[in-house]
Amino acid sequence: RFVDYEILPDATPTYYDYPDYEFDTTTPIIADTTSPTIADTRISESEEDLIPPCEPQLERNTTQDAEAARRYNRPECQFYSLLYYKRNVQYPERVTGGKTFADRLDSPLQSPDWNGPGWYRFIGNSGSVMPEKPPPIGHCGTRATGWVDDHRPETPGDSKRTIACFNWRTRGNCTWSTQIGITNCGLWFVYDLPNDPGPSGSYLRYCARCRYQK
């Protein structure tokens with residue numbers, strides 16, 4: 001279930017219900033070499049409309065980036081890449097045509113927005129934060145779904161090292177894990193992400209959700 005809040009005091013939440021989807025959790029996670037190219041993975045506008053928009057979000061603003069970096073003495077609040085391509089936990093395989101991506105540079109289906117290890121900010125309808133409970137297998141445009149087994153730092157300027165897990169086969173299972181960083185930049189969060197820890201040719205991806213998505 002998805003809840004969308006306007007960022008206003010005493011806002012009334014609007015709820016969206018989705019049908020249940022069936023996922024094939026028996027298919028091997030290893031990619032086959034005949035998989036479609038990234039150019040073949042776009043979904044139609046009507047299919048993408050099945051996913052409601054996130055809460056109102058800031059667009060990237062270089063002045064705000066520089067101010068946050070100065071105020072909190074956190075260069076990563078200014079110097080980061082964007083993750084935006086169909087990462088929301090609400091995206092099932094059906095919406096992405098059953099095609100999957102991986103967050104690693106040696107993958108035949110490397111995520112279009114993945115540039116290798118570094119600081120990233122989630123933005124757009126993909127979401128603004130990583131989920132803190134395991135998304136279902138087969139969501140977020142991948143097979144093994146990435147989530148944070150921890151809470152985000154609550155105080156602006158705080159940063160922490162923690163663990164990202166990847167859910168595969170058993171819901172909530174941390175089949176693969178890797179160390180990541182999270183920094184609170186005041187109005188947004190940035191994440192220090194390595195290549196996904198799966199074997200070469202596998203489908204693992206960092207997922208995202210709207211900040212007020214339940």
Q) Any idea which of Trp119, Trp168, Trp114 is more than 17 Å from Tyr84 (Cα to Cα) and in contact with a strand residue (DSSP E or B) (Cβ under 9 Å, 6 or more places away or on another chain)? A) Trp168
Q: For the stretch 186-209, enumerate the residues that are open to solvent by 30 Å² or more (accessible area, probe 1.4 Å) and in a loop (DSSP other than H, G, I, E, B).
A: Leu187, Pro194, Asn195, Pro197, Pro199, Ser200
Q. Out of curiosity, is Pro92 open to solvent by 50 Å² or more (accessible area, probe 1.4 Å) and over 12 Å from the mean Cα position of the chain (by Cα)?
A. no
Q) In this structure, is Ser159 open to solvent by 10 Å² or more (accessible area, probe 1.4 Å) and among the polar types (S, T, N, Q)? A) yes
Q: Look at the stretch 60-89 and say how many of its residues are among the basic types (Lys, Arg), in contact with a strand residue (DSSP E or B) (Cβ under 7 Å, 6 or more places away or on another chain) and open to solvent by less than 30 Å² (accessible area, probe 1.4 Å).
A: 1
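The values are calculated or read from the model by the stated rules, or taken from the named source; none is laboratory data. Remember, predicted model here, so these are calculated numbers, not experimental data. No Cβ is skipped: glycine too gets one built from the backbone with ideal geometry, and neighbour counts run over all protein chains shown. The area values use the complete protein model at the heavy-atom level, side chains included, leaving out ligands, DNA and RNA. Shrake-Rupley method; radii C 1.70, N 1.55, O 1.52, S 1.80 Å.
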